[in-house]
Amino acid sequence: MTTSSSESVMPRLRRLAMSPRSAAASPAASVPDQERCGLCAAAVPADHRHLMDVTAQALHCVCEACGVLFDQRAAGDGHYRRVTDRCQKLSDFALTDEQWAGLGVPVTLAFFARSTAAGTVVGHYPGPLGATEAAIDADTWRAIERDNPALATLEPDVEALLVDRRRVPPGYWLVAIDTCYSLIGLMRRHWKGLSGGPLVQDAVAEFFVELDRRSAIARARA
């Protein structure tokens, strides 16, 4: 297995991970700290949604009015897709140590998404410089999919399987792709030294507490 920087495949996605804010602001923005819709340049709130440019693998901020235009997969000839707000914890997810090793991810925190541009499932894991891409063994992934039918519901490009195997038992979530890049950005901002330090550990712990809370709310509403 080989790894390479995600900058080559997802150049603008890394901006989400490398900025305290969550996406590229429009050049039309007149206030430096005000995020803008990537389509119409309207101001967007802090909790705005994102739009995925599937061809360029780039995330854009999007206002509600523009975002609803791309809720359907066929909208915009499939060039743009609105990122979902999914947050679902998988309490019965099955993944053996051997399968995890077979995926070729050298750490215990990572996410996996189907990439239309790459034509396959792509893995990413966080580090002090952002996200690193990992080539995923296709046979291993197919075996994991067979054991976990929930993975068949993942929306390509805009949703991911987020894995935290630092904990016992491990945690698994199906989440929006921007949630994963928010985690990477959080880690990058707090990372100190070679191992990250206690600040990043505390920040990640709080992130997953909030993720569990969101998942519980979504489950209660379902």
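The values are calculated or read from the model by the stated rules, or taken from the named source; none is laboratory data. What you see is a predicted model; the values in this text were computed from it and never measured. A quick note on method: Cβ atoms are made from the backbone with ideal geometry, for glycine too, and the neighbour counts reach across all protein chains shown.
If you take the residues in the stretch 54-102 that are among the hydroxyl-bearing types (Ser, Thr, Tyr) and modelled with pLDDT of 90 or more, which one is surrounded by the most Cβ atoms within 10 Å (Cβ to Cβ)? If you could, list the steps in order and put the result at the bottom.
Of the stretch 54-102, the ones among the hydroxyl-bearing types (Ser, Thr, Tyr) are 55, 80, 84, 91, 96.
Cutting the leftovers down to modelled with pLDDT of 90 or more gives us 84, 91, 96.
Details: Thr84: 18, Ser91: 10, Thr96: 11.
Only one residue tops the list, namely Thr84.
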List pairs: first residue in the stretch 44-71 and closer than 20 Å to Val175 by Cα and part of a loop (DSSP other than H, G, I, E, B), second residue hydroxyl-bearing (Ser, Thr, Tyr) and modelled with pLDDT of 85 or more anywhere in the structure, Cβ distance under 6 angstrom, at least six positions apart or on different chains. Val54/Thr116
Checked Leu151, Leu211, Leu174 against criteria (at pLDDT 90 or above, in contact with a helix residue (DSSP H, G or I) (Cβ under 6 Å, 6 or more places away or on another chain) and surrounded by 15 or more Cβ atoms within 10 Å (Cβ to Cβ)); the one match is Leu151
Select from the stretch 111-138 the residues that are of a type in the set (A, V, I, L, M, F, W, C) and in contact with a Leu (Cβ under 8 Å, 6 or more places away or on another chain) and list them in ascending order. Phe111, Phe112, Ala113, Ala131, Ala134, Ile136
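This table checks each residue for (1) within 13 Å of the chain's Cα centre (by Cα); (2) within 19 Å of Ala176 (Cα to Cα).
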{"residue": "Thr96", "(1), (2)": "no, no"}
{"residue": "Gly104", "(1), (2)": "no, no"}
{"residue": "Ala117", "(1), (2)": "no, yes"}
{"residue": "Pro128", "(1), (2)": "no, no"}
{"residue": "Ala131", "(1), (2)": "yes, yes"}
{"residue": "Asp139", "(1), (2)": "no, no"}
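Being in a helix (DSSP H, G or I), of a type outside the set (Val, Ile, Thr) and loosely packed, with under 12 Cβ neighbours inside 10 Å is true for just one of Ala203, Ala220. Which residue is that?
Going through Ala203, Ala220 in turn, just one is in a helix (DSSP H, G or I), of a type outside the set (Val, Ile, Thr) and loosely packed, with under 12 Cβ neighbours inside 10 Å: Ala220.
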Can you pull out every residue in the stretch 157-178 that is in contact (Cβ under 8 Å) with a residue 60 or more places away in the chain and not in a strand (DSSP E or B)? Asp157, Val158, Arg165, Pro170, Ile177, Asp178
Condition met for Pro32 (at pLDDT below 85, more than 21 Å from Leu183 (Cα to Cα) and surrounded by fewer than 20 Cβ atoms within 10 Å (Cβ to Cβ)): yes
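Against the condition farther than 24 Å from Asp212 by Cα, among the basic types (Lys, Arg) and modelled with pLDDT under 90, how does Arg21 come out, does it pass?
Spelling it out, it is not the case that Arg21 is farther than 24 Å from Asp212 by Cα, among the basic types (Lys, Arg) and modelled with pLDDT under 90.
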Name the one entry in Arg167, Arg146 that is charged (D, E, K, R), modelled with pLDDT under 90, assigned by TED's automatic domain parsing to the domain that holds Glu98 and surrounded by fewer than 19 Cβ atoms within 10 Å (Cβ to Cβ). Arg167
Selection from the stretch 187-200 of residues that are on the phi > 0 side of the Ramachandran plot and part of a strand (DSSP E or B): Gly196
Got a number for residues in the stretch 132-153 being within 16 Å of Val107 (Cβ to Cβ) and among the aliphatic types (A, V, I, L, M)? 3
